[in-house]
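Every number here is computed from the coordinates shown, using simple stated rules; none is lab data. The model shown is predicted, which means the values in this text are computed figures rather than measured ones. Quick reminder, even Gly has a Cβ in these numbers, built from the backbone with ideal geometry, and neighbours come from all protein chains shown.
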Amino acid sequence: MKAVLIVSAILLAALARAGAREQAFVGAVDSIGMTVGDMNQAVAFYTEVLSFEKMSDVEVAGRGHELASGVFAARKRIVRMRLGAETIELTEYLAPRGRPMPHEVRPNDRLFQHIAIIVRDMDEAYARLRSYEVAHASSGPQTLPAWNPNAGGISAFYFRDPDRHFLEILEFPPAKGDPRWQADDRLFLGIDHTAIVVDDTERSLSFYRDLLGLVVAGASENYDVEQEHLNGVFGARVRITALKAARGPGIEFLEYLAPRDGRPAPIDLRTNDVAHWETTLLTSSSPEGLLTSLRTRLFTLVSPGAVTLTTPGAQETTMLVRDPDGHGVRLSMKP
């Protein structure tokens, strides 16, 4: 009887999660954003080196943008750029300017975030990055070993942009990844996911899966010399959990099981600091509804609540929060 009750409880929990997915609060990952110190330099890098295309370039200011960013007297230049079907959003704070990227950020610190850019050919892509003298974060491209059933055969390389944001290029072998990555002859194809370092996978799942409605799409535990050289962390053993919304790139958790010396994100991180990233999630209803869950302590507010913003050609109701590890998450409802 006890075993039956346990199975029933597990089944009910699974059904509850399935029902939540059908009515998921988040329907898409819209864009992945980062603050930059020099917009012209950043745009030149992403277009010339990585083949992104500029979609829009606007300057915004006013009370709504102050509230939405948590920065008083904010004046921002925002550039949206596309690679394949995915979008990034670069923001330069013309006023007030924030702090540059700290030089001591390590890949197992919880400040870490990157985007994974899919390439057709790793050797050719790496040679292109070398020709532009990009800063290495890995020792060189790494092919993960075949003993790892989920990650074996994947080639990857970490590097830095001009503001020292971490980036990754990734090549999937034919049997892995989205089939669309195998059907394009461009060198840089699109963004597969953004990766964030988390302290506790289960706690992060409570926010992204249980509260927001994203779905776990895969998991892996990676270690060995190739993983160490990829991440630039000696002795790295990483629990990886991939999540997806109905549309858009994935969100990938990196929990370092070893070493456990990664530092928490600074509590005074602000959106005008170059270390700030934010992932924009499109919601099915006003993000104001999440405020009833504020006492769960799964997120903290940056904007004091939902704010309606009007920019050239667009309107949205938006709210910026930080997840359990301090990563920026913008929840946005667009008409």
Q | Volume of the Cα convex hull of the range 166-221, divided per residue and given in Å³ | A | 123 Å³
Q. Could you give the radius of gyration (one decimal) and Dmax (whole number) of the Cα atoms in the range 31-143, in Å?
A. 15.9, 49
Q: Take the Cβ-Cβ distance between VAL225 and LEU301 as r, set R0 to 41 Å, and report the resulting FRET efficiency rounded to the nearest 0.05.
A: 0.45
Q.
Between ILE267 and LEU309, what's the calculated FRET efficiency when r is the beta-carbon distance and R0 is 22 Å? Round to 0.05.
A. 0.25
Q: Give the longest segment of the chain that steers clear of chymotrypsin sites (Phe, Trp or Tyr not before Pro) in DSSP loops with at most 13 neighbouring Cβ atoms within 10 Å, not counting the sites themselves.
A: 235-335
Q. Once fully extended, how much extra length lies between ALA73 and ALA183, figured as 0.36 nm per residue of separation less the alpha-carbon to alpha-carbon distance?
A. 35.0 nm
Q: Name the residue, out of GLU89, GLU278, GLU48, whose mean-square fluctuation peaks in a Gaussian network model built on the chain with Cα pairs under 10 Å.
A: GLU48
Q: Report Rg/Rh for the chain, rounded to two decimals, where Rg is the Cα radius of gyration and Rh the Kirkwood radius.
A: 0.96
Q: Enumerate the residues in the range 301-324 having an amide nitrogen under 20 Å from the point lying 7 Å beyond the Cα of GLU59 toward its Cβ.
A: 310-314
Q: Counting helices only, and only those DSSP H runs with n ≥ 4, report the 222 nm mean residue ellipticity of the chain as the sum of -39,500 (n - 2.57) divided by its residues, in deg cm²/dmol to the nearest 500.
A: -5500 deg cm²/dmol
Q. If you average the sequence gap of Cα pairs under 8 Å that are 6 or more apart and divide by the length of the chain, what percent do you get for the contact order?
A. 23 percent
Q: Quick one: work out Rg over Rh on the C-alpha atoms of the range 113-258, Rh as Kirkwood radius.
A: 0.95
